[in-house]
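A quick write-up on the structure given underneath.
The values are calculated or read from the model by the stated rules, or taken from the named source; none is laboratory data. All figures in this text were calculated on a predicted structure; none of them were measured in a lab. All Cβ positions, even for glycine, are placed from backbone atoms using ideal geometry, and neighbour counts span all protein chains on display. Side chains are part of the model used for accessible areas, which takes the heavy atoms of the whole protein and leaves out ligands, DNA and RNA. Shrake-Rupley method; radii C 1.70, N 1.55, O 1.52, S 1.80 Å.
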Amino acid sequence: MIENFHLLRPWWLLVLAVPAIIVWMSARSADTRRQWKGMIEQHLLDSLVVDSSPGSRMRPSWLLATVLTCAILAVSGPAWERELPPFVEDTAPLVIAVDLSPTMDAIDVSPSRLERAKLKIRDIVAGRSGAHTAVIAYAGSAHLVLPLTEDGSLIETYTDALATRIMPVDGKDTAKALALAEATLASEDVPGTILFLTDGIEQKAFDAFKLKSRQGIVVLGIGTAEGGPVKSSDGSFLTDAAGGRVAAKLDVEGLKNLHALTGADVATFTDDDTDVRWVSQRIRTNFAQKRAAEGDRWRDAGWWLIGPLLLLFALTFRKGWIVRVGAVLLSAHILLPSNAQAADFVDMWLTPDQQGRMAYEKGDFEGAAALFADPMWKGTSLYRAGKYAEALDAFATADSAESWYDQGNALLHLGKLDEAVSAYKTALKKRPDWPDAAANLTIAEQLVKLKKDEEEEQQDAPSLPPDSIQFDDKGKKGKAATISIAEQTSELWMKNIIVSPADLMARKFAIEAQGKKP
């Protein structure tokens, strides 16, 4: 502690000259002999001046100088230990790397290893509201599913679409997934965590895990030691050369060796949420350790001097008049109506944005929106509350890359796809090479294309036949039946939306595997 002791604002020590001057001036004014020396003869002065007794009380100037000295030392910011920034859990980024090798279709875990991994992802993301999370899929190659984003619904949509069939290269290359995850987190100002959801780490990837990284690494094994048969995409079971079913086992020993040789945090899944809580705790712990090692910020210990400062300041009261005035003001405050009193007290110490942040952290997004003065925070609160139209209006009052990005997100929820595309493009003009905005722009453009294709299909579709055709013996024309295709269109549109993420990822991954830009 002693070697780390320093002052955060050392220039305030220059103000220590003020209490020194006060003591000096007080001493000069208290020297009665010196004041009368030029007016009264010395032999008379000795008889006229009465010196104060040695046991006299402390002089007010000394007390004032002591109070000022304590105040200056407190303001200078003594510090000797580091601290984490506020809302640490919200700022810890996470990259989830999902193993999509064929063995993840094993059914030793119900309904399958991959489906169980998806459920774990959903629970982990649900506990990280407002935090940045990215998703990577890997097998023989590694691909970015989603860049770092706060949109939990978007993460759920794409992770639910993950399937082993979309991977263009067979096998398993965890080292590539690790490299891609670290590259994804490289743009973040704070250290993050890389979470692997897999049924085993191959031995050749251990060297990559041994390299010191700024990011924490957590591995959650999905599967059982006993193993189970592996289902293919067509529903049949994989078989070996002899025609027997292939049984895939969780590589428990390999995971233990990974922890022993590399120090990575390793655990296996549980049927309850114990594993999810463990992962969340490891994310916070990794963030705290890495942040402390990097020296993010020092804890200002100056507030420890407030107690002695108040005690010394209390000694400056004279004849009780300050105490009486304070008692009158306190009584008047107590007699105010309770709601006004509480609001008065809160407004006295917290700004509207600080009050809004407290409500936001408690999950009261509508209350936070009413409190926030900052338009971006107000818009974010309304967005979280599901009031996308009002959030859009709040974001529109600012002209920044972030405000246009948030406008695009709100417009997507409102179904205004073309306007969302325009908003994302504006955000990228103001902040080029922003991966979140680029990813959302791609998604919005794909949704616009799907919608246009659907409209063209409706226009090109032949006239629908009648429900039934009736003939009469009299040669009269039957009545042509008409049916509504609105329900069919709705179902077809929803079907396209549901399957499109998997198809889009499969195409994107195939192009990336061929070394082309998607």
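Give region 111-144 a look and list any residue that's assigned to a loop (DSSP other than H, G, I, E, B) and hydrophobic (A, V, I, L, M, F, W, C), or say none.
Listed by number, the residues that qualify are ALA131, ALA139.
I want to confirm something. Restricting to region 391-426 and keeping residues that are in contact with a Lys or Arg (Cβ under 9 Å, 6 or more places away or on another chain) and charged (D, E, K, R), which single residue is most open to solvent (accessible area, probe 1.4 Å)?
Once the filter is applied, the top-ranked residue is ASP399.
Within region 108-133, track down each residue that is open to solvent by less than 60 Å² (accessible area, probe 1.4 Å) and at pLDDT 90 or above.
SER112, ARG113, LEU114, ARG116, ALA117, LYS118, LYS120, ILE121, ILE124, VAL125, THR133 - these are the residues of region 108-133 that are open to solvent by less than 60 Å² (accessible area, probe 1.4 Å) and at pLDDT 90 or above.
Considering region 130-154 alone, what residues qualify as being under 20 Å from VAL219 (Cβ atoms) and without any contact (Cβ under 8 Å) to a residue 40 or more places away in the chain?
Matches in region 130-154: GLY140 only.
So which residues in region 195-208 are in a helix (DSSP H, G or I) and open to solvent by 10 Å² or more (accessible area, probe 1.4 Å), if there are any at all?
Once the filter is applied, which keeps residues that are in a helix (DSSP H, G or I) and open to solvent by 10 Å² or more (accessible area, probe 1.4 Å), region 195-208 yields GLN203, LYS204, ASP207, ALA208.
Residue-wise test of (1) of a type in the set (D, E, K, R); (2) in a helix (DSSP H, G or I); (3) over 17 Å from PHE509 (Cβ atoms).
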position: THR103; (1), (2), (3): no, yes, yes
position: VAL109; (1), (2), (3): no, no, yes
position: LEU146; (1), (2), (3): no, no, no
position: VAL169; (1), (2), (3): no, no, no
position: LEU178; (1), (2), (3): no, yes, yes
position: THR184; (1), (2), (3): no, yes, no
position: GLU188; (1), (2), (3): yes, no, yes
position: PRO191; (1), (2), (3): no, no, yes
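Of the conditions (1) open to solvent by 10 Å² or more (accessible area, probe 1.4 Å); (2) farther than 27 Å from GLU253 by Cβ; (3) small (Gly, Ala, Ser), GLY192 fails just one. Which one is it?
All conditions pass for GLY192, except number (1).
Could you list, in sequence order, the residues of region 255-271 that are part of a helix (DSSP H, G or I) and either in contact (Cβ under 8 Å) with a residue 60 or more places away in the chain or in contact with an Asp or Glu (Cβ under 8 Å, 6 or more places away or on another chain) (or both)?
HIS259 - this is the single residue of region 255-271 that is part of a helix (DSSP H, G or I) and either in contact (Cβ under 8 Å) with a residue 60 or more places away in the chain or in contact with an Asp or Glu (Cβ under 8 Å, 6 or more places away or on another chain) (or both).
Looking only at region 78-102, filter to residues that are open to solvent by 50 Å² or more (accessible area, probe 1.4 Å) and not charged (D, E, K, R); which one of those is modelled with the highest pLDDT?
So, considering only residues that are open to solvent by 50 Å² or more (accessible area, probe 1.4 Å) and not charged (D, E, K, R), the one modelled with the highest pLDDT is PRO102.
So LYS429 clears everything in (1) at pLDDT below 75; (2) in a helix (DSSP H, G or I); (3) open to solvent by 100 Å² or more (accessible area, probe 1.4 Å); (4) over 30 Å from SER141 (Cα atoms) except one condition, right? Which one?
(1)
Scanning region 360-412 for residues that are among the hydroxyl-bearing types (Ser, Thr, Tyr) and part of a helix (DSSP H, G or I), which turns out nearest to LEU441 (Cα to Cα)?
Only one residue tops the list, namely TYR405.
Sort out which residues of region 185-202 are farther than 22 Å from ARG277 by Cβ and at pLDDT 90 or above, and write them in order of number.
Once the filter is applied, which keeps residues that are farther than 22 Å from ARG277 by Cβ and at pLDDT 90 or above, region 185-202 yields GLY200, ILE201, GLU202.
Name the single residue that is nearest to ALA208 (Cα to Cα) among those in region 263-287 being touching a helix residue (DSSP H, G or I) at 6+ places or on another chain (Cβ under 9 Å) and polar (S, T, N, Q).
THR268
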